[in-house]
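A short write-up of the structure that comes next.
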Amino acid sequence: PFWLRLLIVRTKAASSGFWQEQVTTMLMRCLLGLVVPVSAGIIRLPVKRMARESEPGRDPVDASFEAVQSLASAALASGSGSQELFLGNEQNNAYFAEVLIGTPGQPLQLILDTGSANLWVPAEKRNPKWNGRHNFYHPNKSSTYVQMDKRFSIEYGSGDVSGSYFQDTVAVGGLVLPNFTLAHVRRTAGLHGFRHASYDGILGLAFQENAVDNVSTVMKELVLSEQLDEPVFGFYLGDRQPGQFVIGGVDPEHFVGDFHFVEVSSTSPWPGFWALDLAGVKVGDALTLTATHHAIVDSGTSLISGPSREVKAIAAMLGAFPTNGLYAIKCNVSRRVAFSFGGKDLEFEVEDLVIEREGNLCLLGLEPYDFPAWFLGDVFMRKFYVQFDWGQKRMGFAAAASTKNLV
């Protein structure tokens, strides 16, 4: 099967000390697979911002992280149809939630990734210095672990991870999938930046057609087991603030107005992605780009990434200048950028694209790369609440509620 994975971990550091940060961008994943839910409840996963520091000692971040885990455990214990867990927000670069693997459940922080379909968790290394501060899955601590004699491997632009498949119980909130097939990854050294990352593994939410080895997906199994009210999930990504992931429906408190629905593309050359037919990309009334015909909505990508020539044209129209692979602009520039889907323009002010500030200069979350599609990642999804309707193979977009209006 064709699949492409590109994990870019780039350190932004100008010689003047202008921006010094690590921007982690997951662009493309193997064309993996997902499916959606149908009947038993709604699971809500509130988002809380947190990050694991590289220092060895315990710090306030740890306390925050433990508080998140405690809230997750309390939600699981409630057994109600509407439950809350937390998605971690690592400096707006990655969002992840606690998922329990095994019996009793072992908590791991997994990126909820609409750009891939497999679920994998890490194995602990023999040499502690290579473990970072990850949580690990331990087969000998689970009474429901079933070993499988089948290798697992995914290639990344920055390397690869590999291990073997196994079966065990997977619990996302109050949703429980016994005997689920996932991967135990033992080799992560090739995945640049993983050792110090805040997440432990990946839970893919793309369609199954492109799952590595065509294994079933979490969403497909939730549908077949009739555990959800609707075959739908929705993302609200907080801007350095709490946010939420909902399985089995959407949360009206986190979006404004009605959804604009767009069918998943039937002409995309990359089946299995949440891909849309793209009519064009506009900068105000002055520029419309129509060379690229598809866009992929990918919660595992940090930025908005597009074909180099088009990104450069947009940057030129905005008056932005290149810096360390991205673009900077004067913060007082007032322009609109829009992506056109299904007869409607989804508009962004320049302010919506800003990921970092230094004085009167702003760094844009707009990245050029050489691939014939746009990837609309977390910068896009912070502006719009996105409803992924797996049952009808469509996506709905509504303005995300302002974080200042949320409790």
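The values are calculated or read from the model by the stated rules, or taken from the named source; none is laboratory data. Fair warning: this is a prediction, and the values are worked out from it, not measured in the lab. Cβ: placed from backbone, ideal geometry, glycine included. Neighbour counts: every protein chain shown. Ligands, DNA and RNA are stripped out before the accessible areas are found, and what is left, the full protein with its side chains, is counted by its heavy atoms. Shrake-Rupley method; radii C 1.70, N 1.55, O 1.52, S 1.80 Å.
For the range 110-234, taking Cα atoms only, Rg and Dmax work out to 14.5, 45 Å respectively. Summarising the amide proton neighbourhood of Tyr327: residues at separation of 5 or more, or on other chains, whose placed amide H is nearer than 5 Å comprise Leu364, Leu366.
Shape class for the range 97-177, computed from the alpha carbon gyration tensor (a ≥ b ≥ c): rounded, with a/c under 1.5. The length gained by stretching the chain between Thr267 and Phe136 to full extension, at 0.36 nm per residue less their Cα-Cα distance, is 43.2 nm. Quick check: at a probe of 1.4 Å, how many percent of the accessible area of the range 145-188 sits on carbon and sulfur atoms? So the carbon and sulfur contribution to the accessible surface is 45 percent.
Entry comment: accessible area of the range 269-349 is 40 Å² per residue, from protein heavy atoms only and a probe of 1.4 Å.
Quote the relative contact order of the range 244-386 in percent (integer), defining contacts as alpha-carbon pairs under 8 Å separated by 6+ residues. Over the range 244-386, the number comes to 30 percent. Once you order the gyration tensor axes a ≥ b ≥ c over the Cα atoms, which shape class does the range 320-407 get: rounded for a/c under 1.5, otherwise prolate or oblate by comparing a/b with b/c? The shape class here is oblate. The base-10 log of I(q)/I(0) for the range 162-269, evaluated at q = 0.10, 0.23, 0.24 Å⁻¹, reads -0.41, -1.38, -1.39 [Debye formula, identical scatterers on Cα atoms, solvent excluded].
Accessible surface computed residue by residue for the range 140-230, with neighbouring protein chains in place and a 1.4 Å probe, gives 42 Å² per residue.
Modelled spin-label separation between Thr290 and Arg357, with each label point placed 7 Å from Cα along the Cα-to-Cβ direction: 3.8 nm.
Listed cross-link partners Lys150/Lys393; Lys129/Lys383; Lys312/Lys393; Lys129/Lys220; Lys282/Lys383; Lys330/Lys393 are compared with a 28 Å cut-off, the Cα-Cα value being larger for Lys150/Lys393; Lys129/Lys383; Lys312/Lys393; Lys129/Lys220; Lys330/Lys393.
The relative contact order of the range 174-292 comes to 17 percent, based on Cα pairs under 8 Å that sit 6 or more residues apart.
On the range 277-338, 50 percent of the accessible area sits on carbon and sulfur atoms, based on a 1.4 Å probe. Across the range 343-398, C-alpha contacts under 8 Å between residues 6 or more apart give a mean separation that, scaled by the residue count, equals a relative contact order of 21 percent.
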